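**Student:** I have a structure I would like to understand better, so I am pasting it below and will then ask my questions one at a time.
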Amino acid sequence: MKQMNFTLACDIMMDLEGSIRPAIYLADALAAKGFKVSIMSPVMSSDVEHHLTLRKMKPINLHARLLSRKFGLSILWFETWGREALFRLNSRHADPKLRATINFSHTLVVPSTFWYLQGPTSPALRDMENELTAMYRSAYRILKPALEYTDRKLTKDMYRGSRFVLANSKFCASLYRDWGIEACDVIYPPIDCKLFQPQASNPSDSFVLTYFGKETKFSIIKAVANLGVKIKAFGSKAPFIPRSMITNPNIDFLGRIPVSELVDIYSNALFTLFPFTHEPFGYIPVESMSCGTPTLTYDSQGPSESVIDGYTGWLAEDDNEIVSSAVSLWNQGYMQSIRKNCVEEAAKFDKSIYVKKWLDFLQKSGSMDV
(Lines give C-alpha, C1' and ligand atoms only; values in the text may rest on other atoms or scores of the structure.)
Protein backbone atom coordinates (compact mmCIF):
# COMPACT_ATOMS: atom_id res chain seq x y z
CA MET A 1 0.00 0.00 0.00
CA LYS A 2 1.38 3.38 -0.98
CA GLN A 3 2.01 5.70 1.95
CA MET A 4 -0.16 8.79 1.58
CA ASN A 5 -0.98 11.88 3.58
CA PHE A 6 -4.52 13.07 4.30
CA THR A 7 -5.43 16.49 5.69
CA LEU A 8 -8.93 17.11 7.00
CA ALA A 9 -10.11 20.65 7.79
CA CYS A 10 -12.69 21.21 10.55
CA ASP A 11 -14.52 24.00 12.33
CA ILE A 12 -13.59 24.85 15.93
CA MET A 13 -12.67 21.73 17.88
CA MET A 14 -13.42 22.19 21.56
CA ASP A 15 -14.49 18.51 21.67
CA LEU A 16 -14.88 15.67 19.17
CA GLU A 17 -18.69 15.65 18.97
CA GLY A 18 -21.37 17.19 16.77
CA SER A 19 -20.24 18.43 13.35
CA ILE A 20 -16.69 17.27 14.14
CA ARG A 21 -17.75 13.63 14.32
CA PRO A 22 -17.81 13.00 10.53
CA ALA A 23 -14.17 14.07 10.24
CA ILE A 24 -13.03 12.11 13.29
CA TYR A 25 -14.63 8.82 12.29
CA LEU A 26 -13.10 9.03 8.83
CA ALA A 27 -9.72 10.08 10.24
CA ASP A 28 -9.77 7.09 12.60
CA ALA A 29 -10.40 4.75 9.66
CA LEU A 30 -7.62 6.28 7.58
CA ALA A 31 -5.14 6.15 10.47
CA ALA A 32 -6.07 2.50 11.10
CA LYS A 33 -5.14 1.75 7.48
CA GLY A 34 -1.69 3.21 8.05
CA PHE A 35 -2.18 6.57 6.33
CA LYS A 36 -0.70 9.75 7.80
CA VAL A 37 -3.58 11.95 8.91
CA SER A 38 -3.52 15.63 9.87
CA ILE A 39 -6.50 17.59 11.17
CA MET A 40 -6.59 21.37 10.83
CA SER A 41 -8.88 23.72 12.73
CA PRO A 42 -9.09 27.46 13.47
CA VAL A 43 -8.78 26.58 17.16
CA MET A 44 -8.52 23.39 19.20
CA SER A 45 -8.73 22.75 22.90
CA SER A 46 -5.68 21.19 24.52
CA ASP A 47 -7.76 18.08 25.20
CA VAL A 48 -8.55 17.71 21.50
CA GLU A 49 -4.90 18.12 20.54
CA HIS A 50 -4.01 15.46 23.09
CA HIS A 51 -6.70 13.07 21.83
CA LEU A 52 -5.61 13.50 18.20
CA THR A 53 -2.00 12.82 19.10
CA LEU A 54 -3.00 9.66 20.97
CA ARG A 55 -4.90 8.57 17.85
CA LYS A 56 -1.66 9.01 15.88
CA MET A 57 -2.92 12.07 14.01
CA LYS A 58 -1.19 15.42 13.60
CA PRO A 59 -3.17 18.37 15.01
CA ILE A 60 -2.81 21.63 13.09
CA ASN A 61 -4.11 24.29 15.45
CA LEU A 62 -4.28 27.71 13.76
CA HIS A 63 -4.78 29.36 17.18
CA ALA A 64 -7.53 31.79 16.21
CA ARG A 65 -7.82 34.53 18.82
CA LEU A 66 -11.44 34.32 19.82
CA LEU A 67 -13.14 36.70 22.23
CA SER A 68 -16.39 34.84 22.94
CA ARG A 69 -15.16 31.68 24.69
CA LYS A 70 -17.30 32.30 27.77
CA PHE A 71 -20.56 32.61 25.78
CA GLY A 72 -20.88 28.99 24.66
CA LEU A 73 -19.99 26.96 21.58
CA SER A 74 -22.67 28.45 19.31
CA ILE A 75 -21.51 32.03 19.79
CA LEU A 76 -17.89 30.88 19.57
CA TRP A 77 -18.58 29.18 16.24
CA PHE A 78 -20.36 32.28 14.93
CA GLU A 79 -17.36 34.45 15.82
CA THR A 80 -15.08 32.01 14.03
CA TRP A 81 -17.34 32.11 10.98
CA GLY A 82 -17.40 35.92 11.02
CA ARG A 83 -13.60 36.12 11.19
CA GLU A 84 -13.31 34.03 8.03
CA ALA A 85 -16.31 35.42 6.17
CA LEU A 86 -15.26 39.04 6.60
CA PHE A 87 -11.49 39.02 6.85
CA ARG A 88 -10.16 35.47 6.17
CA LEU A 89 -8.53 35.64 9.59
CA ASN A 90 -8.59 31.86 10.07
CA SER A 91 -7.22 30.59 6.76
CA ARG A 92 -4.50 33.21 6.51
CA HIS A 93 -2.60 31.25 9.17
CA ALA A 94 -2.77 28.01 7.19
CA ASP A 95 0.20 26.84 5.14
CA PRO A 96 -0.44 28.28 1.63
CA LYS A 97 1.06 25.13 0.09
CA LEU A 98 -1.35 22.89 1.98
CA ARG A 99 -4.32 21.34 0.18
CA ALA A 100 -6.98 19.69 2.30
CA THR A 101 -8.16 16.27 1.24
CA ILE A 102 -11.60 17.02 2.70
CA ASN A 103 -12.83 20.32 4.08
CA PHE A 104 -15.52 19.59 6.65
CA SER A 105 -15.71 23.23 7.71
CA HIS A 106 -17.53 26.43 6.86
CA THR A 107 -14.87 28.56 8.57
CA LEU A 108 -11.72 27.78 6.57
CA VAL A 109 -11.29 28.83 2.95
CA VAL A 110 -8.55 26.41 1.94
CA PRO A 111 -8.05 24.51 -1.33
CA SER A 112 -9.54 21.04 -1.04
CA THR A 113 -10.23 17.93 -3.08
CA PHE A 114 -13.61 17.44 -1.35
CA TRP A 115 -15.87 19.87 0.49
CA TYR A 116 -18.43 18.24 2.77
CA LEU A 117 -21.47 20.50 3.07
CA GLN A 118 -23.07 20.62 6.52
CA GLY A 119 -25.25 23.69 6.05
CA PRO A 120 -24.79 27.40 5.25
CA THR A 121 -25.08 29.97 8.01
CA SER A 122 -27.58 32.54 6.77
CA PRO A 123 -30.54 30.17 6.11
CA ALA A 124 -30.09 28.80 9.64
CA LEU A 125 -30.14 32.30 11.13
CA ARG A 126 -33.20 33.19 9.08
CA ASP A 127 -35.11 30.16 10.36
CA MET A 128 -34.00 30.79 13.94
CA GLU A 129 -35.05 34.46 13.99
CA ASN A 130 -38.39 34.11 15.80
CA GLU A 131 -36.87 31.96 18.56
CA LEU A 132 -34.02 34.36 19.36
CA THR A 133 -34.17 36.51 22.48
CA ALA A 134 -35.12 40.15 21.88
CA MET A 135 -31.51 41.37 22.01
CA TYR A 136 -30.21 38.81 19.51
CA ARG A 137 -33.26 39.21 17.27
CA SER A 138 -32.82 42.96 17.04
CA ALA A 139 -29.12 42.62 16.24
CA TYR A 140 -29.84 39.99 13.60
CA ARG A 141 -32.47 42.08 11.82
CA ILE A 142 -30.04 44.98 11.51
CA LEU A 143 -27.23 42.76 10.22
CA LYS A 144 -29.34 40.38 8.11
CA PRO A 145 -28.58 41.82 4.61
CA ALA A 146 -24.85 41.97 5.30
CA LEU A 147 -24.81 38.47 6.81
CA GLU A 148 -26.60 36.93 3.83
CA TYR A 149 -24.33 38.65 1.30
CA THR A 150 -21.21 37.67 3.21
CA ASP A 151 -22.33 34.08 3.64
CA ARG A 152 -22.98 33.65 -0.08
CA LYS A 153 -19.59 35.11 -0.95
CA LEU A 154 -17.79 32.86 1.56
CA THR A 155 -19.67 29.81 0.29
CA LYS A 156 -18.86 30.49 -3.35
CA ASP A 157 -15.18 31.08 -2.52
CA MET A 158 -15.05 27.71 -0.77
CA TYR A 159 -16.83 26.07 -3.71
CA ARG A 160 -14.35 27.48 -6.23
CA GLY A 161 -11.50 26.04 -4.19
CA SER A 162 -12.96 22.52 -4.11
CA ARG A 163 -12.82 19.79 -6.75
CA PHE A 164 -15.81 17.75 -5.53
CA VAL A 165 -18.73 18.68 -3.30
CA LEU A 166 -20.84 16.31 -1.18
CA ALA A 167 -23.69 17.10 1.21
CA ASN A 168 -24.79 15.63 4.55
CA SER A 169 -28.46 15.33 3.45
CA LYS A 170 -30.73 15.88 0.47
CA PHE A 171 -32.19 18.94 2.18
CA CYS A 172 -28.72 20.35 2.77
CA ALA A 173 -27.85 19.79 -0.89
CA SER A 174 -30.99 21.72 -1.89
CA LEU A 175 -29.91 24.75 0.15
CA TYR A 176 -26.65 25.02 -1.77
CA ARG A 177 -28.33 24.22 -5.09
CA ASP A 178 -30.33 27.42 -4.64
CA TRP A 179 -26.97 29.22 -4.68
CA GLY A 180 -25.75 27.49 -7.82
CA ILE A 181 -23.70 24.83 -6.01
CA GLU A 182 -24.49 21.25 -6.99
CA ALA A 183 -23.41 18.40 -4.71
CA CYS A 184 -22.37 15.28 -6.58
CA ASP A 185 -23.78 12.99 -3.87
CA VAL A 186 -25.06 12.73 -0.29
CA ILE A 187 -23.26 10.98 2.56
CA TYR A 188 -25.30 11.04 5.76
CA PRO A 189 -23.32 11.82 8.95
CA PRO A 190 -22.37 8.84 11.13
CA ILE A 191 -23.21 7.54 14.56
CA ASP A 192 -21.52 4.72 16.44
CA CYS A 193 -24.22 2.08 16.87
CA LYS A 194 -21.98 0.16 19.26
CA LEU A 195 -21.99 3.22 21.52
CA PHE A 196 -25.57 4.36 20.95
CA GLN A 197 -27.60 1.22 21.68
CA PRO A 198 -30.50 0.34 24.00
CA GLN A 199 -29.45 0.20 27.65
CA ALA A 200 -32.81 -0.69 29.20
CA SER A 201 -34.71 -3.93 28.58
CA ASN A 202 -37.69 -2.33 30.31
CA PRO A 203 -37.55 1.45 29.65
CA SER A 204 -39.00 3.65 32.38
CA ASP A 205 -41.08 5.73 29.88
CA SER A 206 -41.50 8.25 32.71
CA PHE A 207 -40.32 11.28 30.75
CA VAL A 208 -39.91 12.74 27.27
CA LEU A 209 -36.40 13.69 26.18
CA THR A 210 -35.49 16.82 24.24
CA TYR A 211 -32.44 18.84 23.30
CA PHE A 212 -31.58 22.48 23.99
CA GLY A 213 -29.43 23.98 21.25
CA LYS A 214 -29.28 26.85 18.80
CA GLU A 215 -31.74 25.12 16.45
CA THR A 216 -34.32 24.30 19.14
CA LYS A 217 -37.86 25.64 18.84
CA PHE A 218 -38.24 26.47 22.53
CA SER A 219 -41.80 27.75 22.18
CA ILE A 220 -42.98 24.24 21.27
CA ILE A 221 -41.21 22.58 24.20
CA LYS A 222 -42.71 25.15 26.55
CA ALA A 223 -46.19 24.54 25.14
CA VAL A 224 -45.83 20.77 25.60
CA ALA A 225 -44.49 21.12 29.15
CA ASN A 226 -47.32 23.49 30.07
CA LEU A 227 -49.79 20.74 29.08
CA GLY A 228 -48.39 18.42 31.74
CA VAL A 229 -45.74 16.44 29.86
CA LYS A 230 -42.64 15.70 31.98
CA ILE A 231 -39.55 16.62 29.99
CA LYS A 232 -35.82 16.07 30.47
CA ALA A 233 -33.58 18.29 28.36
CA PHE A 234 -29.87 18.09 27.66
CA GLY A 235 -27.46 20.42 25.90
CA SER A 236 -24.92 23.13 26.57
CA LYS A 237 -25.98 26.22 28.44
CA ALA A 238 -26.26 29.13 26.03
CA PRO A 239 -27.38 32.77 26.28
CA PHE A 240 -30.26 32.18 23.85
CA ILE A 241 -32.06 29.63 26.05
CA PRO A 242 -35.12 31.41 27.52
CA ARG A 243 -35.05 31.51 31.31
CA SER A 244 -38.64 30.24 31.35
CA MET A 245 -37.34 26.93 29.99
CA ILE A 246 -34.95 26.47 32.90
CA THR A 247 -37.50 27.38 35.57
CA ASN A 248 -40.50 25.45 34.14
CA PRO A 249 -41.57 22.85 36.77
CA ASN A 250 -42.14 20.20 34.10
CA ILE A 251 -38.70 20.65 32.51
CA ASP A 252 -35.59 19.14 34.06
CA PHE A 253 -32.58 20.72 32.33
CA LEU A 254 -29.58 18.39 32.70
CA GLY A 255 -27.06 20.56 30.88
CA ARG A 256 -24.16 18.98 29.05
CA ILE A 257 -23.85 15.30 30.01
CA PRO A 258 -21.38 12.48 29.18
CA VAL A 259 -22.25 10.21 26.26
CA SER A 260 -22.65 7.19 28.57
CA GLU A 261 -25.30 9.04 30.57
CA LEU A 262 -26.94 10.36 27.41
CA VAL A 263 -27.31 6.82 26.03
CA ASP A 264 -29.03 5.74 29.23
CA ILE A 265 -31.42 8.70 29.12
CA TYR A 266 -32.22 8.12 25.45
CA SER A 267 -32.95 4.45 26.24
CA ASN A 268 -35.37 5.23 29.07
CA ALA A 269 -37.31 8.07 27.47
CA LEU A 270 -40.84 7.44 26.26
CA PHE A 271 -39.91 9.29 23.08
CA THR A 272 -37.62 12.08 21.97
CA LEU A 273 -39.24 15.42 21.10
CA PHE A 274 -37.24 17.30 18.47
CA PRO A 275 -38.88 20.57 17.42
CA PHE A 276 -36.32 22.54 15.42
CA THR A 277 -36.06 25.81 13.57
CA HIS A 278 -33.39 24.67 11.11
CA GLU A 279 -31.72 21.28 10.78
CA PRO A 280 -29.74 20.18 7.69
CA PHE A 281 -29.39 16.61 9.05
CA GLY A 282 -30.15 16.13 12.77
CA TYR A 283 -28.11 13.82 14.98
CA ILE A 284 -30.70 13.75 17.77
CA PRO A 285 -33.34 11.61 15.99
CA VAL A 286 -30.75 9.09 14.77
CA GLU A 287 -29.03 8.81 18.17
CA SER A 288 -32.41 8.34 19.80
CA MET A 289 -33.47 5.65 17.33
CA SER A 290 -30.18 3.83 17.76
CA CYS A 291 -31.01 3.60 21.49
CA GLY A 292 -34.44 2.16 20.63
CA THR A 293 -36.44 5.33 21.28
CA PRO A 294 -38.70 6.88 18.59
CA THR A 295 -38.64 10.57 17.75
CA LEU A 296 -41.44 13.07 17.24
CA THR A 297 -40.31 15.84 14.90
CA TYR A 298 -41.34 17.78 11.78
CA ASP A 299 -41.93 16.33 8.33
CA SER A 300 -39.32 18.64 6.83
CA GLN A 301 -35.61 19.26 6.35
CA GLY A 302 -33.00 16.73 7.45
CA PRO A 303 -34.95 14.84 10.15
CA SER A 304 -37.60 13.82 7.61
CA GLU A 305 -34.87 11.82 5.83
CA SER A 306 -34.09 9.67 8.88
CA VAL A 307 -37.41 9.32 10.76
CA ILE A 308 -40.03 7.08 9.14
CA ASP A 309 -43.51 8.25 10.10
CA GLY A 310 -45.40 5.64 12.12
CA TYR A 311 -42.46 3.20 11.99
CA THR A 312 -39.50 4.79 13.80
CA GLY A 313 -41.28 7.89 15.04
CA TRP A 314 -43.80 10.51 13.96
CA LEU A 315 -43.55 13.41 11.53
CA ALA A 316 -45.75 16.42 12.22
CA GLU A 317 -46.86 18.90 9.58
CA ASP A 318 -46.87 21.96 11.81
CA ASP A 319 -46.53 23.31 15.35
CA ASN A 320 -50.11 22.50 16.37
CA GLU A 321 -49.72 18.88 15.28
CA ILE A 322 -46.41 18.35 17.04
CA VAL A 323 -47.85 19.69 20.32
CA SER A 324 -51.04 17.62 20.12
CA SER A 325 -49.08 14.51 19.10
CA ALA A 326 -46.67 14.93 22.01
CA VAL A 327 -49.52 15.13 24.52
CA SER A 328 -51.34 12.17 22.92
CA LEU A 329 -48.21 9.98 23.00
CA TRP A 330 -47.55 10.98 26.61
CA ASN A 331 -51.08 9.99 27.66
CA GLN A 332 -51.64 6.94 25.46
CA GLY A 333 -48.19 5.56 24.58
CA TYR A 334 -47.54 3.48 21.46
CA MET A 335 -46.84 -0.06 20.24
CA GLN A 336 -43.51 -1.21 21.72
CA SER A 337 -42.52 -2.91 18.44
CA ILE A 338 -41.55 0.54 17.21
CA ARG A 339 -38.46 0.40 19.45
CA LYS A 340 -37.10 -2.57 17.49
CA ASN A 341 -37.80 -0.75 14.23
CA CYS A 342 -35.77 2.20 15.49
CA VAL A 343 -32.65 0.15 16.17
CA GLU A 344 -32.82 -1.57 12.78
CA GLU A 345 -33.25 1.67 10.83
CA ALA A 346 -30.60 3.57 12.79
CA ALA A 347 -28.05 0.92 11.75
CA LYS A 348 -28.19 2.44 8.25
CA PHE A 349 -26.38 5.48 9.67
CA ASP A 350 -23.62 3.53 11.41
CA LYS A 351 -20.10 4.85 11.03
CA SER A 352 -18.99 1.69 9.20
CA ILE A 353 -21.34 2.53 6.31
CA TYR A 354 -20.30 6.19 6.35
CA VAL A 355 -16.59 5.33 6.27
CA LYS A 356 -17.03 2.86 3.41
CA LYS A 357 -18.77 5.48 1.29
CA TRP A 358 -15.96 7.96 1.89
CA LEU A 359 -13.26 5.40 1.11
CA ASP A 360 -15.03 4.61 -2.15
CA PHE A 361 -15.11 8.30 -3.11
CA LEU A 362 -11.47 8.79 -2.15
CA GLN A 363 -10.43 5.82 -4.21
CA LYS A 364 -12.45 6.84 -7.29
CA SER A 365 -11.04 10.36 -7.11
CA GLY A 366 -7.49 9.07 -7.07
CA SER A 367 -6.92 10.40 -3.55
CA MET A 368 -5.91 7.03 -2.17
CA ASP A 369 -4.70 3.61 -3.12
CA VAL A 370 -6.64 1.07 -1.05
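The values are calculated or read from the model by the stated rules, or taken from the named source; none is laboratory data. The model shown is predicted, which means the values in this text are computed figures rather than measured ones. With ideal geometry, Cβ positions are generated from the backbone for all residues, glycine too; neighbour counts draw on all protein chains shown.
**Student:** Kindly indicate which of Ile142, Ile187 is closer than 30 Å to Leu359 by Cα and modelled with pLDDT of 95 or more.
**Tutor:** Ile187
**Student:** Here's a follow-up. Tell me yes or no: at least one residue of region 82-98 is under 28 Å from Glu148 (Cα atoms), in the same structural domain as Ser122 (by TED's automatic domain parsing), under 18 Å from the mean Cα position of the chain (by Cα) and surrounded by 21 or more Cβ atoms within 10 Å (Cβ to Cβ).
**Tutor:** No, that holds for no residue.
**Student:** Identify the residue in region 345-370 that is at pLDDT 95 or above and hydroxyl-bearing (Ser, Thr, Tyr) and, among all such residues, is surrounded by the fewest Cβ atoms within 10 Å (Cβ to Cβ).
**Tutor:** Checking each candidate, the answer is Ser352.
**Student:** Residue under question is Ile75, and the condition is that it be in contact (Cβ under 8 Å) with a residue 24 or more places away in the chain, aliphatic (A, V, I, L, M) and part of a helix (DSSP H, G or I); does it hold?
**Tutor:** Yes: the conditions hold for Ile75.
**Student:** Quick one: is Val208 more than 26 Å from Thr121 (Cα to Cα), more than 22 Å from the chain's Cα centre (by Cα) and hydrophobic (A, V, I, L, M, F, W, C)? First the steps, then the outcome.
**Tutor:** Numbers: more than 26 Å from Thr121 (Cα to Cα): yes; more than 22 Å from the chain's Cα centre (by Cα): no; hydrophobic (A, V, I, L, M, F, W, C): yes.
No: the conditions fail for Val208.
**Student:** If you go through region 250-281 one residue at a time, how many are free of Cβ contacts under 8 Å to residues at least 40 places away in the same chain and either within 18 Å of Lys214 (Cα to Cα) or outside any loop (DSSP other than H, G, I, E, B) (or both)?
**Tutor:** Residues in region 250-281 being free of Cβ contacts under 8 Å to residues at least 40 places away in the same chain and either within 18 Å of Lys214 (Cα to Cα) or outside any loop (DSSP other than H, G, I, E, B) (or both): 8 in total.
**Student:** Condition first: more than 19 Å from the chain's Cα centre (by Cα), buried (at least 23 other Cβ atoms within 10 Å of the Cβ) and not β-branched (Val, Ile, Thr). Can you find one or more residues in region 333-343 that meet it?
**Tutor:** Yes: one or more hits.
**Student:** Name the single residue that is surrounded by the most Cβ atoms within 10 Å (Cβ to Cβ) among those in region 307-332 being free of Cβ contacts under 8 Å to residues at least 40 places away in the same chain and of a type in the set (D, E, K, R).
**Tutor:** Only one residue tops the list, namely Glu321.
**Student:** Taking only pairs six or more apart or across chains, which ones have beta-carbon atoms under 8 Å, a first residue in region 14-25 that is modelled with pLDDT under 95, and a second residue that is basic (Lys, Arg) and surrounded by fewer than 19 Cβ atoms within 10 Å (Cβ to Cβ)?
**Tutor:** none
**Student:** Go through region 41-59 and count every residue that is in contact (Cβ under 8 Å) with a residue 12 or more places away in the chain and either surrounded by 20 or more Cβ atoms within 10 Å (Cβ to Cβ) or in a helix (DSSP H, G or I) (or both).
**Tutor:** Selection size over region 41-59: 10.
**Student:** From the list Ala200, Ala233, Ala223, exactly one residue is without any contact (Cβ under 8 Å) to a residue 40 or more places away in the chain and either more than 30 Å from Arg69 (Cβ to Cβ) or surrounded by 22 or more Cβ atoms within 10 Å (Cβ to Cβ) (or both). Which is it?
**Tutor:** Only one candidate passes the filter, namely Ala233.
**Student:** Shifting gears a bit: Within region 8-67, take every residue that is in contact with a Lys or Arg (Cβ under 8 Å, 6 or more places away or on another chain) and hydroxyl-bearing (Ser, Thr, Tyr) and give me the one that is nearest to Ser112 (Cα to Cα).
**Tutor:** Taking the candidates together, the pick is Ser38.
**Student:** Output the residues belonging to region 264-315 that are on the phi < 0 side of the Ramachandran plot and in contact with a Cys (Cβ under 6 Å, 6 or more places away or on another chain).
**Tutor:** Tyr266, Ser267, Pro280, Met289, Ser290, Pro294, Thr312
**Student:** Taking region 149-201 as the search range and keeping residues that are closer than 21 Å to Ile24 by Cβ and of a type in the set (S, T, N, Q), which one is nearest to the chain's Cα centre (by Cα)?
**Tutor:** Only one residue fits best here, namely Asn168.
**Student:** So if I check each of Ser290, Ser300, which one is surrounded by 24 or more Cβ atoms within 10 Å (Cβ to Cβ) and either assigned by TED's automatic domain parsing to the domain that holds Gly213 or under 21 Å from Ile20 (Cβ atoms) (or both)?
**Tutor:** When all the criteria are applied, what remains is Ser290.
**Student:** Of all residues in region 99-121, which are without any contact (Cβ under 8 Å) to a residue 60 or more places away in the chain and either surrounded by fewer than 24 Cβ atoms within 10 Å (Cβ to Cβ) or outside any strand (DSSP E or B) (or both)?
**Tutor:** Val109, Pro111, Pro120, Thr121
**Student:** Same structure again: Does Thr277 fit the bill of being in contact with a Lys or Arg (Cβ under 8 Å, 6 or more places away or on another chain) and surrounded by fewer than 24 Cβ atoms within 10 Å (Cβ to Cβ)?
**Tutor:** Spelling it out, Thr277 is indeed in contact with a Lys or Arg (Cβ under 8 Å, 6 or more places away or on another chain) and surrounded by fewer than 24 Cβ atoms within 10 Å (Cβ to Cβ).
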